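Chemist: Before I ask anything, here is the structure I am working with.
The values are calculated or read from the model by the stated rules, or taken from the named source; none is laboratory data. Just so you know, these numbers come straight off a predicted model, no measurement behind them. Note that each Cβ is placed from the backbone with ideal geometry, even for glycine, and that neighbours are counted across all protein chains shown. The protein model used for the area step is the full one, side chains on, heavy atoms only, and it has no ligands, DNA or RNA in it. Shrake-Rupley method; radii C 1.70, N 1.55, O 1.52, S 1.80 Å.
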Amino acid sequence: MTAAVWHSIRRSGLQQLRALQHARFLTTNTPVRLSNFWAQTGGIAKQDGEQADSHSMLVRGGYLRQAHSGVFHLLPLGLRVQNKLENLIDKHMTSIGASKLSLSSITTEELWKESGRYSANSEILRLKDRRDSGFLLSPTHEEEITSLVAGMVHSYKDLPLRLYQVGRKYRDERRPRGGLLRTKEFLMKDLYTFDYTEEQALATYQATRIAYNNLFDELKIPYLVADADSGNMGGKLSHEYHFVSPKGEDNVWSCSSCEYVANEELVEKRIPETNASSEQTAMVFTGISQDRTTKIEIYVPSTRTPTGKGTPGWDQVHEFVNLHAVKNTSVDLDTGIEPQTLLELLPKTTSTIAIYDIRLPQASSQPKSLDLTITRPGDACPKCEHGKLNVQTAIEVGHTFHLGTRYSTPLNALVAVPDKTEKMPMQMGCHGIGVSRLIGAIASMLADESGLNWPRAIAPFDVVVVATPDVPQEDVERVSKQLYHSDALDETSAGLDVVLDDRPIKSLGWKLRDADLIGYPVIVVLGRAWKANEEVEVQCRRLGFKAEMGLKGLGEQVLQLLKQL
């Protein structure tokens with residue numbers, strides 16, 4: 001590696017990360033040339049029957065190709081986006097003192113059984129070797145990281161510990177869909193944290209949330225942070241990060257007046273402070289417990305249900321009953337049972353449990369007040385007096401969990417602590433970002449009818465230079481090199497991430513349409529204005545900017561545009 005490369009690597013922050021990424025080009029001191037770069041765009045026109053959505057643009061723009069259902073190959077352009085996103089993650093994980101490692105994608109049934117998460121009916125991809133050892137392709141790595149740390153960390157003096165990886169995960173997805181949004185193989189960033197007191201673990205959790213906010217802020221795309229249910233991950237504190245999008249599969253509720261945001265599982269509403277009326281009529285939904293022994297009767301007020309539709313059956317329970325609230329009563333309700341199967345099993349039950357919504361008079365006999373009705377748009381916010389709740393569909397791209405001792409206890413991740421004779425289980429947290437999903441979500445959020453758009457932080461290149469065939473090649477290279485060294489410390493170090501479209505068999509019009517499809521943040525064109533006055537045309541489609549200018553101040557103008565992206 002040359003001295004110039006080492007000089008650029010020494011610089012800190014984002015410039016250092018970019019210098020590392022472009023080290024292979026610094027020895028030639030020139031921008032990337034598309035004539036030497038495998039950019040497999042699929043042509044400008046859509047293929048027959050292909051939808052004009054962001055995923056088809058990722059395919060036609062040369063970012064990826066589908067290998068199998070729910071499995072994709074990343075092409076060089078896609079890999080550049082992924083690498084830049086990983087560099088961004090590295091930057092913000094380093095800011096909280098996390099060390100990067102790489103865990104194996106293979107785990108074992110035995111380890112998952114120890115944690116209590118193994119299930120023969122789950123979406124885990126299983127492997128069998130010649131010894132029938134019972135291997136799994138990891139959908140997540142809590143078991144493996146806990147086992148690893150348990151064998152290496154034995155004292156509180158070795159804590160806090162923050163470890164993260166960016167690696168492939170696997171899920172036996174029944175219905176892959178949405179391109180990169182729901183796949184069988186996907187890339188995840190996982191941060192695992194270890195502390196020896198709950199107070200320290202919660203401080204770590206808050207530090208991680210700040211790092212996540214800084215990371216998502218750098219993408220400059222609006223996002224929501226919602227209170228969330230931890231599900232089978234364990235723990236009682238978690239938050240989800242969402243992009244609001246019609247392609248999302250999650251419902252996120254927010255208040256019209258305050259900062260209250262919650263997902264579908266945790267959303268609450270304010271109930272008017274009125275006594276339950278004896279005249280309040282109720283309707284009942286009858287379900288069954290997971291072990292099939294107990295009939296569960298759920299009573300909700302009929303005033304919270306549409307009129308004129310008759311009595312709803314169990315197949316409509318999700319439309320009227322907040323099943324997450326029922327689950328929180330410790331009633332082991334089978335929420336996924338088919339109505340016909342339910343009818344066959346109910347006569348065989350041996351006991352009955354009845355639970356009542358807080359609005360019904362029978363609720364007074366319950367030890368806990370329960371709001372069992374689903375939240376509807378326009379319901380009152382639980383946190384402020386005047387706000388109304390609204391719902392939006394969203395794509396979940398990140399999740400933070402405070403796990404406590406959910407995994408450290410069953411997997412014996414114990415440390416010696418002050419003033420105690422017995423070792424104590426470590427307090428853990430896990431914090432994920434769906435890297436491949438985030439790429440698909442950003443493509444979905446920013447694409448328009450002309451093509452993709454990327455935030456500068458993860459764009460494959462900052463700027464593309466295109467020219468008409470009659471512009472001398474030395475002129476094109478001069479402009480490219482000037483841009484390349486903009487924002488650099490000296491002429492031997494990398495500045496802007498520039499690519500030169502020097503493919504000889506393509507016309508200027510084709511290259512411009514191709515540049516729009518790929519989604520370069522800025523396009524610099526050498527055309528008629530160059531031949532007449534040595535002026536270039538600078539385009540930024542996302543900002544609606546187009547202007548002709550000379551070389552003086554060109555780098556500053558491009559940088560000013562990029563700072564807004």
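Chemist: Going by a ≥ b ≥ c, the root eigenvalues of the Cα gyration tensor, does the range 148-206 fall in the rounded group (a/c under 1.5), the prolate group (a/b larger than b/c) or the oblate group?
Modeler: prolate
Chemist: Note down the net charge around residue 254, summing +1 for each Lys or Arg and -1 for each Asp or Glu among other residues with Cβ under 14 Å from its Cβ.
Modeler: Local charge sum for residue 254: -4.
Chemist: Taking the simple approach of a point 7 Å from Cα along Cα-to-Cβ for both residue 35 and residue 95, what is their distance in nm?
Modeler: Each label point lies 7 Å from its Cα, and together they span 4.2 nm.
Chemist: Solvent-accessible area of residue 255, probe 1.4 Å, all protein chains present, reported in Å² to the nearest ten, please.
Modeler: Approximately 20 Å² of residue 255 is accessible to the 1.4 Å probe.
Chemist: Okay, moving on. For the range 282-374, compute Rh as the Kirkwood radius over C-alpha pairs and then the Stokes-Einstein diffusion coefficient at 10 °C and 1.306 mPa s; write the answer in µm²/s, rounded to an integer.
Modeler: The calculation lands on 118 µm²/s.
Chemist: Under a point spin-label approximation (7 Å from Cα along Cα-to-Cβ), what is the residue 131-residue 548 distance to one decimal in nm?
Modeler: The two pseudo-label positions are separated by 7.4 nm.
Chemist: For every helix of n ≥ 4 consecutive DSSP H residues, a contribution of -39,500 (n - 2.57) applies; sum these over the chain, divide by its total residues, and give [θ] at 222 nm rounded to the nearest 500 deg cm²/dmol.
Modeler: Value at 222 nm, helices only: -7500 deg cm²/dmol.
Chemist: At most 13 other Cβ atoms within 10 Å and a DSSP loop assignment: could you name the trypsin sites (Lys or Arg not before Pro) in the range 396-464 that fit?
Modeler: 420
Chemist: Another one. Once amide H atoms are placed 1.01 Å from N in the peptide plane, what residues at a sequence separation of 5 or more from residue 237, or on another chain, have their amide H within under 5 Å of its amide H?
Modeler: 402
Chemist: Enter the accessible area per residue of the chain (Å², integer; probe 1.4 Å; all protein chains in place).
Modeler: With the other protein chains kept in place, the chain gives 48 Å² per residue.
Chemist: Through the Karplus equation 6.51 cos²θ - 1.76 cosθ + 1.60, θ set to phi - 60°, convert the phi angles of the range 526-539 into ³J(HN,Hα) values in whole Hz; use x for Gly and Pro.
Modeler: With the stated coefficients, the range 526-539 comes to 9, x, 4, 5, 5, 5, 7, 9, 6, 10, 10, 9, 9, 10 Hz.
Chemist: Can you list the residues, at least 5 places off or on another chain, whose amide H is less than 5 Å from the amide H of residue 229, using H built in the peptide plane?
Modeler: 265, 266
Chemist: Same structure, new question: Along the principal axes of its C-alpha atoms, what lengths does the chain span, in descending order and rounded to whole Å?
Modeler: 88, 65, 53
Chemist: Moving to a separate point now. Taking Cα pairs under 8 Å and at least six residues apart, what relative contact order does the chain come out at, in percent?
Modeler: So the answer I get is 18 percent.
Chemist: Run through the range 131-194 and list the trypsin sites (Lys or Arg not before Pro) located in a DSSP loop whose Cβ has at most 15 other Cβ atoms within 10 Å.
Modeler: Filter output for the range 131-194: 131, 174.
Chemist: What's the FRET efficiency of residue 198 with residue 353 using the Cβ-Cβ distance as r and R₀ = 45 Å, to the nearest 0.05?
Modeler: 0.85
Chemist: Which whole-Hz ³J(HN,Hα) couplings does the range 319-329 yield from phi under the Karplus relation 6.51 cos²θ - 1.76 cosθ + 1.60, θ = phi - 60°, glycine and proline marked x?
Modeler: For the range 319-329, the Karplus-derived couplings read 7, 10, 10, 7, 5, 5, 5, 4, 4, 6, 7 Hz, x marking Gly and Pro.
Chemist: Quantify how much of the Cα-Cα distance distribution of the range 305-439 extends past 20 Å, in percent.
Modeler: Result for the distance tail: 71 percent.
Chemist: Rounded to the nearest 0.05, what FRET efficiency do residue 281 and residue 259 give with R0 = 35 Å and r taken as the Cβ-Cβ distance? Could you check?
Modeler: 0.45
Chemist: So who's got an amide H within less than 5 Å of the one on residue 397, skipping anything under 5 residues away but keeping other chains? H placed 1.01 Å off N, in plane.
Modeler: HN-HN under 5 Å from residue 397: 241, 242, 243.
Chemist: Starting from the Cα-Cα distance between residue 65 and residue 449, subtract it from 0.36 nm times their residue separation and give me the gain in nm to one decimal.
Modeler: Difference between extended and current length: 136.2 nm.
Chemist: Run the simple label-point estimate for residue 416 and residue 478 please: 7 Å along Cα→C-beta, distance reported in nm.
Modeler: 7.3 nm
Chemist: So what are the ³J(HN,Hα) numbers for the range 449-466, from phi and the Karplus equation (6.51, -1.76, 1.60; θ = phi - 60°), rounded to whole Hz, Gly and Pro as x?
Modeler: In residue order, the calculated couplings are 5, 8, x, 7, 9, 10, x, 4, 4, 10, 4, x, 9, 6, 8, 10, 10, 10 Hz.
Chemist: While we're here: Taking 0.36 nm per residue of separation and subtracting the Cα-Cα distance, what length does fully extending residue 391 through residue 510 add?
Modeler: 38.6 nm
Chemist: Under a straight-distance cross-link criterion of Cα-Cα below 19 Å, which lysines are reachable from residue 91, leaving out those fewer than 8 residues away in the same chain?
Modeler: Result set, ordered by chain and number: 100, 189, 220, 563.
Chemist: Test of the criteria: in the range 342-446, which GluC sites (Glu not before Pro) are in a DSSP loop and have at most 10 other Cβ atoms within 10 angstrom of their Cβ?
Modeler: 385, 422
Chemist: Subtracting the Cα-Cα distance from 0.36 nm times the residue separation, let me have the gained length for residue 104 to residue 273 in nm, one decimal.
Modeler: Value of the extension gain: 55.4 nm.
Chemist: Mind checking which helices in the chain clear 20 Å along their axis (Cα) and have mean Kyte-Doolittle hydropathy of -1.0 or more, DSSP H runs only?
Modeler: Span-like helices in the chain: 76-94, 198-219.
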